[in-house]
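The values are calculated or read from the model by the stated rules, or taken from the named source; none is laboratory data. Bear in mind the structure is a predicted one, so any value in this text is a computation, not a measurement. Virtual Cβ from ideal backbone geometry, glycine too; neighbours counted across all protein chains shown. Keep in mind that these areas ignore ligands, DNA and RNA; they rest on the heavy atoms of the full protein, side chains included. Shrake-Rupley method; radii C 1.70, N 1.55, O 1.52, S 1.80 Å.
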Amino acid sequence: MSGLDVPEKTKESSPADRSRAVVRPGGLGAELAAALRANAGSAASQVGMFVLFLGIGLAVGLLLSWSTGHSPTVVLADLLDGSFGNAMSISYTLSFAAPLLLVAAGTVICMQAGQFNIGQEGQVTLGAVGAGFVVFNISGPAIVVIPLAFAAAAVAGGLWAGLVALLKFTRGVNIVVSSLLFVFLAEQLMVWLISGSGPLHDDGEGVLGAGTASQSPTVPAGAELPTPHLFGLDVPSGFLIAAVAAIVVAWVLRSTLVGYRLRILGHSPVVAHTIGVSESRLGSLAVAASGAFAGAAGAVILLGQSYQLHPGTASSIGWNGLLIALAARTRIGVSAVLAIVFGAMIAGGGLLGSDNVPVDIVNVMTASIVVALLCPPVVLVALRRRRQRRAAQVSS
Amino acid sequence: MTITNPNGSSVVTGHPMLRMAGVTKYFNGRAACDDVDLSVAAGEIHGLLGQNGAGKSTLMNILLGLVRPDRGVVEVAGRPVTIRDPNDARAQGIGMVHQHYSLIPTLSVWENIAITAKGRVRPDRITALVEQTSARYGLEVSASKRVGDLTVGEQQRVEVVKCLIDQPKLLVLDEPTAVLTERESHALFSMLGQVVDGGACSVILISHNLAEIRSVAHRTTIMRDGRVVSQVVPSETSVAALARHMIGHDLRNEPDVATAIGADLRTDPAPVSAAAPAGTPGLPPALEIEEATAFLPGGRRALDALGLHVRGGEVLGVAGVEGNGQKWLASLLSGALSLHSGRVRVRGTNVRVSKPGAMRSAGVAVVPEDRRESGCVLDMSVADNIAFAALGSLARRGVVSRRRVLALAEKLVEEFQISVASLDQPMRSLSGGNQQKVVLARELSTEPGVLVLAQPTRGLDVGAIAYMHERIRAAADAGVAVVLISTDLNEIMQLSDRIAVMYRGKVRGETTRAEADPEKLGLLMGGVHA
Amino acid sequence: GLSGGKSGATSGSPSVSSGAQGADPFAVAKGPSVGSPGPATAPEWEGKTSIPAGQPDMNKDGKVSIGVITSGDTNDGTYYQSVADAAQYAGTKYGWKVSVQGLVPLTQALSAAENLCRQRVDMVIIGDAQLAQAVNAAKEPICKDTFFYLQGGYGSPKQDATFTQSYDVGLSYAYVAGVATGVYMKNKNIKKAGFIAGLAAPFNTTIGAVFKKGVLSQVPDATVVETYTGDQIDVGKAVEAFAAQQSQGIGLVYPYFGAPTVAIAKKANAANIPVIGSPIDFCGSTSASFIASVIFAPGYYLAPLLDDFANGKLPLGGTRNWRLGVDPVPAVHTCSSAGSDGAAIDAAIKQAQSEINNGTIDPLKLATG
Amino acid sequence: MSVAVDIQTILAVSVPLAVPLLFAGLGEYVAQRSGAFDLSVEGMMLAAAFFGAYGASASGSPLVGLLLGVLAGAVVAVIHGNLSHRLQLNTYVVGLSLNVLVLGVTNYLLTTTAFDIPRATNLRIPGLSDIPVVGKPLFDQPWVVYVIPLLIIAIWAVGRTRWGLEIRGAGDDPIASDLTGIKVNARRRQALLFCGLCAGTGGAFLSVFQSSSFTSGMTAGRGYIVIAVVIFGGWTLRGVVAASLLFGVAEGLQLALPAIGTTPSPQLLVAVPYLLAVVSLALLGRRLHQPLALGQPFAPSR
Ligand SMILES: Nc1ncnc2c1ncn2[C@@H]1O[C@H](COP(=O)(O)OP(=O)(O)OP(=O)(O)O)[C@@H](O)[C@H]1O
Ligand SMILES: Nc1ncnc2c1ncn2[C@@H]1O[C@H](COP(=O)(O)OP(=O)(O)OP(=O)(O)O)[C@@H](O)[C@H]1O
Ligand SMILES: [Mg+2]
Ligand SMILES: [Mg+2]
């Protein structure tokens, strides 16, 4: 579909021979990238804007808590204390940021290639399943099992996303819709895998007696992600993995041949075609890569956080990672900062209960932050227009 | 004072139907319109002349409420008016046929008209109105067809009918003939005469074409760099004088400038060298297209059994009225359009055109018509844009060497005199001419065997045009087979060794430059066998 | 804005605001034993229990506070809310500080528990089996003087000295509920009953299968329609699943749900179809009428243990087996609206319970065989 | 049981399941025709379900609940419209964020709110409801259900007015529409608002009329099915109605088949609507004609 993913040829279909095309080449991906990359002033003003709008997003949540009788200062104090208050809080924050950053880094890849995959939640689920297949079936030293689990997670998430790409490039199925529907299918698939006769089902004691729970076995201690002690902090290794992955993604996109080609594809499929980039091939690769990263996030979740598969294991990590990448306008650095902010919100949210503030306020805040962070270019454009109008008046 | 135009219609320039005074509009700190005054009398056909970028469209967009002026007043029939959007304009009796049409392709003709017509939306009522109006002015329009299925000429008629249904006081046409055949243009002009007859309606006609302006306009306002430089009665002014006003200095010594404005001032074409390199006989042509038929996704035929060939060192001009498939020819050669039937051969070898990058690796380089959209990536840097074509050779083991990218970019920027502030500047921030230079530099840097240029000088200023022409010549002299697609006959005649004329997706006829004369080409372009 | 008590309007669920002064909503769980255990025993875990010193102020900071985490919505009016309500009730009664966090994602189970330790709670209550991994926090130094309680870990993680859990056998009360239903059907000459649950996963499907066996034990030619909507919280689908069963002529329904239970019950009441309710005691509900309640919500197990905790008598490091027909809860109770059939049903319930406890009937065999 | 009864059962279940899809789908259809890709429809429905439940239990009147629910849907739509089609913020991000936001807000408010929703009675249409098999499922329903045919006729009729043409113009060619004088973004905001009203009705139907209760996140992904419905319907009114009914029947079968006595794998039945959507999109993918500018922002030069 032109808005999102027309096969490139249809873009020339503008009726009659008009020199301007109704549908710009590049479809949504390019539109999005262009809109999102709108020149946003100097680095200092960008940082200023970021902080300002982050604050605005937070304020919306605080307003809601205030209007229902919860003190904003208490909420804020809890959030800060729970996220950065001490070494342990920071460790939590990093731990929650890890899968988010992985998902966001993957999302950056497909968005930069102009492929609007929004099914990360399902890909995370499948990734957790893939990791589960390894850790529940293969016993061995951590140094072997953990990388294997990550590889399996990436493959599972990548294949699941690859299906979406396959549907798009062979059958022309709208990727927004198919990736969305695949989220629901992934959940059903996992429930089946961990239930009854499913291969990941926990054969131990069940809720109702042996073998009756919908859950996987517990991750063996040897396959749990370690938490090395660095710089006086317990740093979750999931975060280290995510950080390295994000740096690699940034480098690949910036400096490698495939990264160049990917970005060109995202900006202009037409140009990409002329220099030998096959949208179906590279686009699929980008979608699959984003799925693989989401899958790896699933491994981080299973091996470092949930230790068990249950219905709902992905815990909205996929959705939030997607939102992070979009709010960061597909920039890796900003995604990393936002992932930490989101991680901090989750970690801080854990303390709200003690003051009887419903933790749902965190959802409200993160959503507001995402929307707020979309605003700076708009504001900058408005400011520039006003300046120009002024200038024109002065010069008259 | 009464002015009579060559058509014999006359107008009294007393009371203005439209008066614009002191209109000023800045874009990005540059004045597109600078203190413009314009006055159009009742029943007058008023020409608006100017080079590309002179501010004509901007001025009209202000009149239509599409652009908000920074300053200035507009009076219609003596009353000052504020026009905020096209609806206001319509209410004031102003209708416009846009340079790029404003019809919605997925709606039918009657639906498009119903959107702006007054009164209830009823197919039968609107259809009757359309028939009435089109009968009155001799404009053939079918109300039930989908606009997207119409030809360009038909669409323009619909657009005109759409304006006329409102019985406007002022009808604005922005370069209406650019896409029309000779015959269609004539029909349009005689229709315009009918419209202004009686003085109830005035017409503003924007054009680059001096001859056209001279033959229909009562008076003409000439703009340059956003300012009105003069107002003349064209029938009493020579083409050369018009051109001088438009450009700012005499043209005779600058044939390229003449080309740029569509004025045929040369008495004889530049001498064709006796040893015109018609390619190297014996070898297969560098590029051969045989029986190429291609369809657009909607099912429309883009190319219809098109055949042409070009040899190394030869410039093949592809002429034709815009919209006859030239754009799709370029698309085909850049690999963006796939063949339904037929063959494309480069140096004797069949090429699967739609395979990504196949044309490029076969040695065919294309400077596309819409360079902003398919020629470059506006949101990437100048250096990156230059590097695209040679990415593979700039990378070692999959890693692109930034040093080598910058070195290449630096070299080409210097060689092609591209003016950039920095190589990391986004392509978007370059002016049109420099964007075009980047694309050309990149394509030539791959040392192609075939160079395809689609409308290479459209939208460029005089200096840039001259430079382009120089490079095109140089490429051909270096043995490159050049396909030059242009709607500008003078450019074609000036640069080509052979000229092919496209009409309705096929080559209608071919001549050598020696045999070519404008009349013969014009007939071919109109679909008439010469 | 939106305010006002949840307590007043939601009926059927244990009322919070009644506080320590009002009737104890969990009184039913605090009664004496209702029967004696037979030879059949629930699974045992190794490990010794001990009573920590200083209970309830485990961390000796001079005040008692408890924290609840659960994976579900603590406002669902049923299963998940019962834990929160039990904690709140005890809190009000003993003057403890209570914090509740619902809808905790699996990824945050462990950290949520650790966070509670950081806030120096004396007891961490893990409200449902989904968050079972949170008990691993008990081994962390930060949690060393915090009492961990888990509702139904069922073997993973393994019972050890660091936490206490409750255990019940769902299949047994599913079977007894089926028996009760069967007796009612026999007396009213009903031949078709409906069972509706959410996810088509074993924790629902085995319950359905055993419930059906219970019904058939009383009315061998009865039909029990089992429908799984695929979603634990989608009320719309739950209600329409009931509509389908209704239009196929069921004479009684057992919605095996959390939140959607009352919605189905209301529809069934309107259609004069008797309803069995679970997992809380619905007999006193004012929003819908039930003929019987199957009581097994975690709050019922937690409430008496919290009383023990308050009195410094709650053992740590063992599994508390809650057995049908032995302990006051879990239980299948007939409601007054069962009318004259109540006595017969009660008798059948007693009978079935003792058959389970003396090993004549093995619900697990019924489920698998 | 007879086949007639079985069919009646399937219909009786499918119709109410299709109702929220129909309401929201019709709204989404209009929004997408205007070029606005409304991903926040899930949020609109959930907000409407919550506030519908609140209104109905506070006032004791289902009608008041419905109105408050519709208002809530409209509020989400107005926020979405202004962010995406006035400030030009990316509509997909705004849509997804609004869904998260609404889920957060409703869960948050749920902690301090309790509902006692009055039961909405069915409006039986005399005569028609006595038709065998289809009579009861179609003509013995809460009164809002009968709004649907009126809504369909209204959308059909409005599609032929100037506003309707302008909506289509905004969705197919915003640039040309703008030149013509159509306020593209205003039309998109209006279409979104309409979508909010419709989705609001669908959401309020869920809590007030269908189940007389509200539970956390009770829309359970219906908003996403709605989007699939519009696409599956090929962006035609007829198609959207048919697709809504088809998805309603797919879900209905899942719930009705066990009652009828055939019990295929429950897991598979649950997945059926989603599989149906994916497979049918794969089969129809290329033949569907979407609005040409769907989901693309439009920034007028003024
Ligand atoms: N929306 C805009 N934003 C910025 N610059 C603009 C905009 N529209 C026009 N311009 C600039 O204003 C100048 C005048 O443009 P205009 O379109 O009026 O020229 P024109 O006389 O119509 O040229 P042509 O003959 O090529 O149509 C050009 O430099 C153009 O780049
Ligand atoms: N429609 C437009 N929208 C935004 N910016 C524009 C537009 N047209 C032109 N510009 C910007 O205005 C500046 C001048 O553009 P323009 O194409 O008029 O240059 P020019 O003076 O004609 O140069 P050249 O001779 O190289 O074409 C450039 O920075 C260009 O990016
Ligand atoms: Mg112009
Ligand atoms: Mg204490």
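With 10 Å bins beginning at zero, the pair-distance distribution over Cα atoms of segment B:312-439 amounts to 11, 35, 35, 17, 2 %. Relative to the longest principal axis of the Cα atoms of chain D, the long axis of helix D:62-85 lies at roughly 30 degrees. In angstrom, the C-alpha Rg and Dmax of segment D:89-130 are 19.2, 52. Once you compute Rg and the Kirkwood Rh from C-alpha atoms, what is the Rg to Rh ratio for segment C:244-369? Using Cα coordinates only, the ratio equals 1.03.
The residues of segment B:1-77 have, on average, 38 Å² of accessible surface per residue, using a 1.4 Å probe with all protein chains present. Looking at A:I275, A:F184, A:V235, which one has the Cα that reaches farthest to the positive end of the dipole of segment A:174-283 (charges on Cβ: Lys, Arg +1; Asp, Glu -1)? In segment A:174-283, that residue is A:I275. Among C:D234, C:D122, C:D24, the largest mean-square fluctuation in a Gaussian network model of chain C (Cα springs under 10 Å) belongs to C:D234.
In the protein assembly as shown, the DSSP beta bridges split such that about 45 percent are antiparallel, to the nearest 5.
When only Cα pairs below 8 angstrom with a gap of at least 6 residues are kept, chain D shows a relative contact order of 37 percent. Pick out which of C:P105, C:P304, C:P315 has the largest mean-square fluctuation in a Gaussian network model of chain C, springs linking Cα atoms closer than 10 Å. Among C:P105, C:P304, C:P315, the largest GNM mean-square fluctuation belongs to C:P105. The ellipsoid that matches the Cα gyration tensor of chain D has semi-axes, each √(5λ) in whole angstrom, of 32, 23, 18, with the longest given first.
Between D:A72, D:A243, D:A176, the residue with the greatest mean-square fluctuation in the GNM of chain D (Cα pairs under 10 Å linked by springs) is D:A176.
Here chain C is treated as an ellipsoid with the same Cα gyration tensor; its semi-axes, largest first and in whole Å, are 35, 22, 19. Rolling a 1.4 angstrom probe over the protein heavy atoms with all chains in place gives chain D an accessible area of 31 Å² per residue.
Averaging 1/r across all pairs of distinct Cα atoms in segment C:105-199 and inverting the result yields a Kirkwood radius of 15.7 Å. Under a model in which nothing but the beta-carbon of Lys, Arg (+1) and Asp, Glu (-1) is charged, chain C shows a dipole of about 280 debye around its Cα centre. Distant-in-sequence amide contacts of C:A193, defined by a placed amide H-H separation under 5 Å and a gap of 5 or more residues or a different chain, comprise C:T223, C:V224, C:V225, C:G251. Taken as Cα centroids, segment B:85-118 and segment C:266-335 sit 71 Å apart, rounded to the nearest whole angstrom.
Relative contact order, whole percent, for segment B:103-167 stands at 45, derived from Cα pairs under 8 Å and 6 or more residues apart. Over segment A:50-162, the fraction of Cα-Cα pairs per 5 Å bin, rounded to whole percents and listed from the shortest bin up, is 2, 10, 12, 14, 14, 13, 13, 11, 7, 3, 1. Counting only the Cα atoms, segment D:159-253 fills a convex hull of 115 Å³ per residue. Scaled against 2.2 N^0.38 Å for its residue count N, the alpha carbon radius of gyration of segment B:1-87 is 1.17.
Over all directions, the projected convex hull of the C-alpha atoms in the protein assembly as shown averages 60.2 nm² in area. To the nearest 100 Å², how much accessible surface do chains D and A cover up together, summed over both, with a 1.4 Å probe? That pair hides around 4500 Å² of surface in total.
Each Lys and Arg adds +1 at its Cβ and each Asp and Glu adds -1 at its Cβ; summed about the Cα centre, segment B:393-530 shows a dipole of about 760 debye. Using θ = phi - 60° in the Karplus curve 6.51 cos²θ - 1.76 cosθ + 1.60, the 3J(HN,Hα) couplings for segment C:313-318 round to 10, 8, x, 10, x, x Hz; x is entered for Gly and Pro. Principal-axis analysis of the Cα atoms of chain D puts helix D:237-260 at an angle of about 30° to the longest axis. For the pair segment B:362-413 / segment A:294-365, the C-alpha centres are spaced 39 Å from each other. Over segment A:98-228, the Kirkwood radius and the radius of gyration, each from Cα atoms, give a ratio Rg/Rh of 1.03. Summary of the geometry: segment A:88-157 and segment D:1-57, compared by the centres of their Cα atoms, lie 35 Å apart.
For segment A:211-308, taking Cα atoms only, Rg and Dmax work out to 18.8, 58 Å respectively. Close amide H contacts of C:L324 (hydrogens built in the peptide plane, cut-off under 5 Å, sequence separation of 5 or more or a different chain): C:V169.
Normalised by residue number, the volume inside the convex hull of the Cα atoms of segment B:377-443 is 74 Å³ per residue. Taking amide H atoms as placed 1.01 Å from N in the peptide plane, the amide H of C:L150 lies under 5 Å from those of C:I126, C:T164, C:Q165, C:S166, each 5 or more residues away in sequence or on another chain.
In this rough spin-label picture, where each label sits 7 Å from Cα along the Cβ direction, the C:A344-A:L80 distance is 7.0 nm. By the compact-protein rule of thumb, 2.2 N^0.38 Å, the alpha-carbon radius of gyration of segment B:103-167 corresponds to a ratio of 0.96. May I ask for the angle, rounded to the nearest 10°, between helix B:182-196 and the longest principal axis of chain B, with both axes built from Cα atoms and the value confined to 0 to 90°? The answer is roughly 20 degrees.
When its C-alpha radius of gyration is set against 2.2 N^0.38 Å (N residues), segment C:178-256 gives a value of 1.04. Considered as an equivalent ellipsoid built on the Cα gyration tensor, segment C:96-156 has semi-axes of 16, 13, 11 Å, the largest given first.
Could you sort out which of C:K212/D:K136; C:K30/C:K186; B:K162/D:K183; A:K168/B:K145; C:K30/C:K213; C:K93/C:K313 sit more than 24 Å apart by Cα distance in this structure? Too far apart for the 24 Å limit: C:K212/D:K136; C:K30/C:K186; A:K168/B:K145; C:K30/C:K213.
A convex hull fitted to the Cα coordinates of chain B yields 159 cubic angstrom per residue. Note on segment C:126-261: Rg/Rh from C-alpha atoms, Kirkwood Rh, equals 1.12. Overall, segment B:103-167 carries a charge dipole of about 220 debye about its Cα centre when +1 sits on the Cβ of Lys and Arg and -1 on the Cβ of Asp and Glu, all other atoms neutral.
Only one residue of B:A241, C:Q232, C:Q351 has its Cα farthest out toward the positive end of the dipole of the protein assembly as shown, where Lys and Arg carry +1 and Asp and Glu -1 on Cβ, and that residue is B:A241. Charged neighbours of C:L305, selected by a Cβ distance under 11 Å, balance to +1 (K, R count +1; D, E count -1).
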